[in-house]
1. On the protein heavy atoms, probe 1.4 angstrom, tell me the percent of accessible surface of segment 137-229 carried by carbon and sulfur.
2. By the gyration tensor of its Cα atoms, with a ≥ b ≥ c the square roots of the eigenvalues, what is the shape of segment 278-353: rounded for a/c under 1.5, prolate for a/b over b/c, or oblate?
3. Of all accessible surface on segment 54-131 at a 1.4 Å probe, what whole percent is carbon and sulfur?
4. Hey, got a sec? Which trypsin sites (Lys or Arg not before Pro) in segment 330-436 land in a DSSP loop and have at most 12 other Cβ atoms within 10 Å?
5. Would you mind pulling out the separation of the Cα centroids of segment 357-376 and segment 298-350, in Å?
6. Exactly which GluC sites (Glu not before Pro) in segment 174-230 are in a DSSP loop and have at most 16 other Cβ atoms within 10 Å?
7. Take every Cα-Cα distance within segment 1-154, group them into 5 Å bins from 0 onward, and report for each bin the whole-number percent of pairs it holds.
8. Putting +1 on Lys and Arg Cβ atoms and -1 on Asp and Glu Cβ atoms, find which of Phe70, Met326, Ala22 reaches farthest to the positive end of the dipole of the chain.
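The values are calculated or read from the model by the stated rules, or taken from the named source; none is laboratory data. Predicted model only: the values in this text are computed from it and were never measured. Don't worry about glycine lacking a Cβ; one is built from the backbone with ideal geometry, like all the others, and counts go over all protein chains shown. All accessible areas refer to the heavy atoms of the entire protein, side chains included, with ligands and DNA or RNA removed. Shrake-Rupley method; radii C 1.70, N 1.55, O 1.52, S 1.80 Å.
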Amino acid sequence: MSEGNKQVWLVLSHGFNMDGRAASQTITDKIPHLLSLGVEPIVVSAITGKKDKVVEHHQILPAMPVALRFDLRHFLKQRISSRYIYRIAMTVISLVLLPFILIEKLFIRIETHWSWAITAYFTGARIIRARKPELIYSTGGAYSAHLAGYWLARRFDLPWIAEIHDPMVVDGQVINMRVRFSGWLEGVICKHADVVWWFTEEALARARARHPEIGERGHCIIPGANAPEFLRTPYQRGTHLIIGHFGSLAETRNLEIFLQGLRHVLEKNPKLAEHIRLHLYGGGIDTVSARALRDFPHPSMIEQLGRLETDPETGESGRDQVLKRMNAADCLLLLHGTTPFCEEYIPSKMYEYLWTQRPILALVWHNPQMERMLRELGHWAVTADDVDSIATALEELQARWMKNELADSGIASPYTAKAAAGSITSLARSVLDNAD
């Protein structure tokens, strides 16, 4: 039901308003633009993020113990400053839930957050009866949002639009209960959603090949990112060439090949070790990266700065702190990975990197769309496992730094959350017009 001139949408997002999380950024960044485009979102999310102060926001627990422990861990970590008390609390919770966790893992080996769909369904049903939204918008992140969206759309005969962040089916996966569930849910979305979109052209193409019935209901919408509220600081060359990596590392997205390329450069010119520094921001170091870091012959070149969380004294979010450090780096390192998944995936971090207008060195795996987007804006995109190409790019980067030729590009990123929100509302209104 429209309230005034606004359309009421029910938005299902497990990870909404979680500082620094890609699954959160993708939907949270769109909210101001949806509001300006005449949408009134009613958000249902997990308890892991902050309560939103602008839109109606319902935070709910999942129905089953595996997801419950996960959500409580994040919820309590944000609210208990003492690590000692936090560990005691989580130990008690884990012991109480342990028998039920074992039972769930024994019989239901699918996505951790699947059971959030159950409570999201009942909360969504209550909201639908009270507020009469015009459509359901599920976004994930966690697949549970789509499962709840499907149940609610069928129960209340409402239009349903779905935003798929990462590919749900990837070629070559070992078939197990989780993979079968993901494949089933992708089929449900492609058959029943009124509009569904992916974040890359290849993900859309492969989903359409698996599910031809999707027809013109399938789209590719680049998520983009909002510019932060603070202004960029103009670039100033420092005493070291700072290469910054921001975000998570994993065994499938690690530092090994990049460090091999850097070693090639240093073998040709050892003196460059005095000028180059690699700064790492984010969560833990994966085992492959840890081994590569241990074996790297110049440990003083690398500084691990960890994950930046909200500053309790200034109130500055971890994300804003990260963006300021991105803005100050000489070059931003973007790791893509080397698995088939990468062919259908673009890291959300890339859109934040593009906002800074700083040079990007991206190690890209079989993704022509990602390469094209970077090169069109003047950045380096090299094959992720090509050590020689990485070394050549680093040599070019260092030469430009020495000549003080790494000024800001002056090119504003065209990939914004505002543009994405505009595309989504246009598609949604077409669905609603056809339903009338």
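1. Result for segment 137-229: 50 percent of the exposed heavy-atom area is carbon or sulfur.
2. On the way: a/c = 1.89, a/b = 1.21, b/c = 1.56.
It comes out oblate by the Cα gyration axes.
3. 69
4. Filter output for segment 330-436: Lys403.
5. 16
6. Numbers: sites: Glu186, Glu201, Glu202, Glu213, Glu216, Glu229; in loops: Glu229.
For GluC sites (Glu not before Pro) across segment 174-230 that sit outside H, G, I, E and B with at most 16 neighbouring Cβ atoms in 10 Å, the list reads Glu229.
7. So the P(r) values, bin by bin, are 2, 10, 18, 20, 19, 14, 9, 5, 3, 1, 0.
8. Phe70
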